[in-house]
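Undergrad: Sharing a structure below in structure tokens format, with a few things to ask.
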Amino acid sequence: MDSLATTLLQLGGSLVAILALAALARWLKLGEEPRIRDPQQARMLAEEIECGFEPVDIAIDRSGYGALLRDATGRIMLVRQHGANFAGRMLDKQAQGRLDQGLLVIAFPEKTFGTATLDLGPAAAEWAASFRRLPGPAS
């Protein structure tokens, strides 16, 4: 009987420890996917990616996975989720933007950055049209 009580005590202790760790991870917001929640956060991310970039127009994906930001000179930056962080790049004519069932799909010539699909709602068509005015590749 002592070994059964010991086993049950160990099992109960392990369960309490697991639940405590799960609660701690939830409280610390560990494991959550990063999201762009508002224009201020999008501005902050853009500044981290390119110092001095000052957006005058921002469109955030409805799920918060990415954003497009345009500065006063017409340059456009894409900020998107990349693992547990965000990555971004300035867009040029090599980036291909197209509408697909109301979503803006952005493809890049290099496979490392992949394809970005943004749900920008009604603004998607306007942003897709702006791809025609992008500058040539940076040299």
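Bear in mind these aren't lab numbers, they're just calculated from the coordinates by the rules spelled out. It should be emphasised that the depicted structure is a prediction, and the values quoted were computed from it without experimental measurement. Glycine gets a Cβ as well: all are built from the backbone with ideal geometry, and neighbour counts include every protein chain shown.
Undergrad: Counting only GluC sites (Glu not before Pro) that sit in a DSSP loop (anything but H, G, I, E, B) with at most 15 other Cβ atoms within 10 Å, what is the longest stretch of the chain containing none of them?
TA: 51-109
Undergrad: A follow-up question, please. Compute the helix-to-body angle for 39-49: its Cα long axis versus the longest principal axis of the chain, expressed 0 to 90° and rounded to tens.
TA: Tilt relative to the chain: about 80 degrees.
Undergrad: A further question follows. If you wrap a convex hull around the C-alpha atoms of the chain and split its volume per residue, what is the figure in Å³?
TA: Measuring per residue, one finds 162 Å³ for the Cα hull of the chain.
Undergrad: Neighbouring Cβ atoms within 10 Å as the yardstick, rank Arg37, Arg75 fewest first.
TA: Arg37, Arg75
Undergrad: Around Asp57, which amide H atoms from residues at least 5 apart in sequence, or from another chain, sit under 5 Å from its own amide H, with H modelled in the peptide plane?
TA: Arg70
Undergrad: Per residue of the range 97-106, in order, report the coupling 6.51 cos²θ - 1.76 cosθ + 1.60 (Karplus, θ = phi - 60°) as ³J(HN,Hα) in whole Hz, putting x for Gly and Pro.
TA: x, 8, 8, 9, 6, x, 9, 8, 10, 10
Undergrad: Arrange Lys111, Lys93 by Cβ neighbour counts within 10 Å, fewest through most, would you?
TA: In increasing order of surrounding Cβ atoms, one gets Lys111, Lys93.
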